[in-house]
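Down below is the structure, laid out as structure tokens.
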Amino acid sequence: MNRPPNYDKFPCVNVPMTPDVCASGKAPVIDALKTMAGSHRRISIDTYPGADDQAIIELLRSAFPNHRIAHTADLMKSPEAIRAMVEPWVTDDPVFGVLSRLRIADFFDDAKVAAFQASLDDQPLILYGVGAAAILQADLCVYADLARWEIQLRQRRGKLSNLGVENLSDGVWRKYKWAFFVDWRVADRHKRAIWQQIDLFLDMHDPKTPKLVSADAVRAGLEQCVSQPFRVVPFFDPGVWGGQWMKEFCDLPKEPVNYAWCFDCVPEENALLLRFGSIQIELPSINLVHQHPEALLGTAVYGRFGAEFPIRFDFLDTMDGGNLSLQVHPLTEYVQEHFGIHYTQDESYYMLDAKPNACVYLGFKSGVDPAEFVTALESAQKDASTPLDAERFVNKIPAKTHDHFLIPAGTIHCSGKDSMVLEISATPYIFTFKLWDWGRLDLNGQPRPINIQHGSANLQYQRDTDWTMKNLVNQTTPIASGDGWREERTGLHEAEFIETRRHWFAKPVAHDTQGGVNVLNLVQGEEAIVESPTGAFEPFTVHYAETFIIPAAVGKYVIRPVAGECATMKAFVRTNA
């Protein structure tokens, strides 16, 4: 690399307004809470599961020494009752569950709630915790929000239980699975129900530096997001097969042994930064999807997927690392029937960078016998002395920079070592059935979950060598060209709902969302500028490898190279798919 890294790890949206309340730091937040509380006698401090209760209670005791303070945890059903209630959704599977239809009211004990409400008098009261606003009709409603990646980090540190139970001793994966299938679904339904009654947002991502901002300012910030390009905050994570490319190109801390993933655009779990003057507030980016789904996604996409962001961009770094696990994603009907998900993880691998020996494992070799392959998988899993000969069964295809490999659900695949992959996929990423993991352990020395039973039920053996090469490798078609630019269709396969287009450009090139959300990555070139032809939004700078979102409501936009030839990869939902 012959330039300093310019990848922005903390992108934010500047909101040009002066909020009624905007404070950063313990003392300013305490003062602001006191001022806002005024003569209000009943205050609810609702929280997303995973909020730091101890840090919040310290703030409350300092701000409201004369208030009685109650916790919603004391009003919930017993941990045993909650465990029994969530078990059908969490299941005993080590990896997978079923999306819960539970609501916050299901977690509360009716008798306890009735007794609490009957005990209310004129004494100043604060009720805090998950679901507070559902229990107390308060004069002032504060919401302490939290992005899901921060929740996962707290789970890994062993400091976080799931909603309504004490399960610190449960494994990290089980706690994550419980949160994914139950806690987050319940909390999101509740947050959406009370959204308009929230008066203040409390940002406790860093408990040492709490931040407080008026809800009207947050609502204005989210409304601004859907009228301009923006980025969510990327999250980098190590893994057993991880590589070294992102350390250099994204200027990451050198202490971790590697970085395997960068979740560069996963609005369900990423954070969104809103800046008001000198104060920056961190919120879950899923709030934007829930509050402005039609402006963000477009009418047709919203009508098909609801308030969900269906496109996911992330990085898979195996430079000087190892192969990913050999894997398959479930067919749509399978994921619907078994897990309650209404669409599956179709995906593709776009090669941002690759060493000369890079490869992708994709599709079966012609003539593979299904029973023989499954037997080989089971033998390799049971006996480490009989590893799977993957190349006997699966095509090993050389890969170079800018190659694009399409991976419709049901296709066996994995990225090989020494590559940097931009993975473009549908969003339900948790449903990966690992078939073979090359006989290795995870970073904690534990076996990684293998799912031969689920996986073998979805493998499409007819996707053999000839079919794979004709349908899934570099399916590039010229679409249009102009002065200093050209557009190519690079996929995805007709079985997938995502369309991808690559633009090469040495001069400005015009784009149009055509009523649907666009997700792009600058796959070549140091820097480019996204502009509105009508001046509807401020020019937006993107750097190499950064993923950015163009909301459907933006309509027409132009991308201008700063120097030399650039290229973007753009993904959108086929509205006729």
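Brief remarks on what is shown
- Checking every one of the trypsin sites (Lys or Arg not before Pro) in region 220-302 against DSSP loop status and a limit of 13 other Cβ atoms within 10 Å picks out K254.
- Accessible surface ranking that places the most exposed of R83, R101 first, with a 1.4 angstrom probe: R101, R83
- Modelled FRET efficiency - R0 35 Å, R154 with R392, Cβ distances, 0.05 increments: 0.20
- For the chain, with +1 on Lys and Arg beta carbons and -1 on Asp and Glu, the positive-most of G455, F108, F364 along the dipole: F108
- Residue-averaged [θ]222 nm for the chain, counting only DSSP H segments that reach four residues, each worth -39500 (n - 2.57): -7000 deg cm²/dmol
- Dipole moment magnitude, nearest 20 debye, region 1-125 about Cα centre, only Lys, Arg, Asp, Glu C-beta charged: 420 debye
- Ordered from largest to smallest accessible area (heavy atoms of protein chains, 1.4 Å probe), the residues R148, R392, R440 come out as R392, R440, R148.
- Vicinal HN-Hα couplings computed from phi for region 359-375 (Karplus, 6.51 cos²θ - 1.76 cosθ + 1.60; Hz; Gly/Pro x): 7, 10, 8, 7, x, 7, 5, 5, x, 5, 8, x, 5, 5, 5, 5, 4
- Accessible area of region 165-206 belonging to carbon and sulfur atoms, whole % at 1.4 Å probe: 49 percent
- Percent accessible area from carbon and sulfur atoms, region 501-571, protein chains only, probe 1.4 Å: 47 percent
- Partners of K417 within straight-line reach, counting lysines whose Cα lies under 23 Å from its Cα and excluding those fewer than 8 residues away in the same chain: K247, K254, K355, K365, K396, K400, K434.
- Charge dipole (the chain, unit charges on Cβ, about Cα centre) - positive-most of L212, P5, G50: L212
- Amide H contacts for F230 (H built 1.01 Å from N in the peptide plane; partners 5 or more residues away or on another chain; cut-off under 5 Å): I549.
- Computed accessible area, M469, all protein chains, 1.4 angstrom probe, square angstrom: 90 Å²
- For the chain, a simple Cβ point-charge model (Lys and Arg +1, Asp and Glu -1, everything else neutral) yields a dipole of about 340 debye relative to the Cα centre.
- Inter-probe distance in nm under a simple model that places probes 7 Å from Cα toward Cβ, at R83 and D121: 3.8 nm
- For region 451-568, the solvent-accessible area with a 1.4 angstrom probe is 41 square angstrom per residue.
- Taken about its Cα centre, region 316-469 carries a charge dipole of roughly 200 debye when the Cβ of each Lys and Arg holds +1 and the Cβ of each Asp and Glu holds -1.
- Computed FRET value (nearest 0.05) for T18 with A114, which takes r as the C-beta separation and R₀ as 41 Å: 0.40
- Qualifying GluC sites (Glu not before Pro) in region 466-554, where qualification requires a DSSP coil assignment and no more than 14 other C-beta atoms within 10 Å, comprise E494, E526.
- Remark: accessible surface ordering of T547, T18 (largest first) is T18, T547, probe radius 1.4 Å.
- Inter-label distance, nm, simple model (7 Å from Cα along the C-beta direction), A105/K400: 6.3 nm
- On full extension, the segment bounded by E538 and D442 gains 30.1 nm, given 0.36 nm per residue less the C-alpha separation.
- Calculated from the structure at hand, Cα Rg over 2.2 N^0.38 Å is found among (1) 1.00; (2) 1.23; (3) 1.07 as (1).
- Residue list for region 155-182, given a label point 7 angstrom along the Cα-to-Cβ vector of D74 and an amide N cut-off under 20 Å: 163-166
- Remark: region 235-388 carries 34 Å² of accessible area per residue (probe radius 1.4 Å; ligands, DNA and RNA excluded).
- Region 53-151 - accessible surface per residue (Å², probe 1.4 Å): 44 Å²
- Length gained on full extension, K9 to M469, computed as 0.36 nm times the residue gap minus the Cα-Cα distance: 161.9 nm.
- Over region 348-434, equivalent-ellipsoid semi-axes from the Cα gyration tensor in Å: 24, 16, 13
The values are calculated or read from the model by the stated rules, or taken from the named source; none is laboratory data. Keep in mind it's a predicted model, so treat the numbers as computed, not measured. Cβ atoms come from the backbone with ideal geometry, glycine included; neighbour counts cover every protein chain shown. Remember, those area values only see protein heavy atoms, side chains included, never the ligands or the DNA or RNA. Shrake-Rupley method; radii C 1.70, N 1.55, O 1.52, S 1.80 Å.
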